[in-house]
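Right, one structure below, let's go through it.
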Amino acid sequence: MNYLSNLMMLNTYIRSGYVRNAALAVTAALMLGLASCAQTTAPSTSTESAEPQSVQVANSETAADVTAASVGTESGGAGMVFVDALTLAEGGQINGAAVKYATPQSNDTLHTVTVTRSKSNGQVSYTGTWTHTWIFRDANGVAMPHYVKGQTDQIEIWSSGNHDLTNPRLSMADSSNGHWIITGLIANPDSAQMSGSLTRVGDRTRLKNGETMSHTFTINWTNDIIVKKLDKDLDDTIAVLLGTASSDLKVTNFNGKSFERQVSILFHGDGTATLTVTRTSANGKVDTITIDVKRGIWMRDEHLG
């Protein structure tokens, strides 16, 4: 567009009352033209609805990767918190980490500990810090100042963390906040019941293909059975779940695009889980993927596309 000649012409005739209205009209047209040019050149953010099948499948796999990392014991996920919570609920001390207990608080039923860990098993490398705050309660739901065997029936725990994780499929630095209640410790000390939620937020997560993204991930558990056990393959204590959960992954800043995945999760009680991943922009089409929630890694696809 040649705006200069138009502006010079306006400057010549602008003092004429006869042409004043015409000049104003031309000026308005120029401004609209400038706005139109700006709109056509500005970058846009789009969803994945127009993406090819292969891209949508890869996005479902990314949802499985983030889910696995966020729940896995060895990946510094919620499973690590569950092991710590069950250890505390048994009156034990957290081992295998740099542990810093907080100074006594005015509320003597509220306890806090900061746990720093680094793990590497060849496939997964994790370093991070969790801060756990918890309350013991008896069978009537009354807060207790400390654990008492045969009387402590519940632990409520809040945990926040910062994590750096690398595995064969992604590299993720993110923060987390979670809240869980574990009940039935008197009647079922080896298979208590757990409900709660976890949110993790990360920027510049790098995927195996080299692309980066920002994400927000939430997961909710409802009345799942939780067991702490020694895993001989990992030579470590893990938390095994039996039951269901649901999650939602929102991805932005992904090569100028965004996508979302809602996931139904079935924990099998053996350290694995099956994910039913719904493509929110593709009329409810689903992908089915199995993850290892001990190591926090994607295992295999049962059905993609």
Checklist outcome for this item: As straight-line cross-link partners of LYS229, the qualifying lysines (C-alpha separation under 20 Å, not fewer than 8 residues apart within one chain) are LYS119, LYS149, LYS294
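Just need the relative contact order of the range 51-303 here, percent rounded to a whole number, with Cα pairs under 8 Å and 6+ apart. If you can, show how the numbers build up before the last one.
Working: 639 pairs, mean separation 41.6, N = 253.
Once normalised by length, the contact order is 16 percent.
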Item to check | Student exercise, the range 203-305 dipole from Lys, Arg, Asp, Glu Cβ charges, in Debye to nearest 20 | outcome: 280
Next on the checklist: Just to be sure I follow: if Rg is taken over the C-alpha atoms of the range 261-301 and Rh is the Kirkwood radius over the same atoms, what is Rg/Rh?
Outcome noted: 1.03
Next on the checklist: Taking only Cα atoms of the range 209-305, what ratio of Rg to Rh do you get with Rh as the Kirkwood inverse-distance radius?
Outcome noted: 1.02
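Going highest first, how would you order 148-155, 92-99 by mean Cβ packing within 10 Å? Mind dumping the intermediate values first?
Details: 148-155: 16.5, 92-99: 12.9.
So the order, starting with the most tightly packed, is 148-155, 92-99.
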Next on the checklist: Let me check against my output: what whole-number percent is the relative contact order of the range 145-197, with C-alpha pairs under 8 Å and at least 6 apart?
Outcome noted: 34
Checklist entry - Nearest 20 debye, what's the magnitude of the dipole of the range 51-303 about its Cα centre given +1 on Lys and Arg Cβ and -1 on Asp and Glu Cβ? => result 400
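Rule-based calculations on the coordinates, nothing more; no lab input. All figures in this text were calculated on a predicted structure; none of them were measured in a lab. Reconstructed Cβ throughout: ideal geometry from the backbone, glycine too, with neighbour counts over all protein chains shown.
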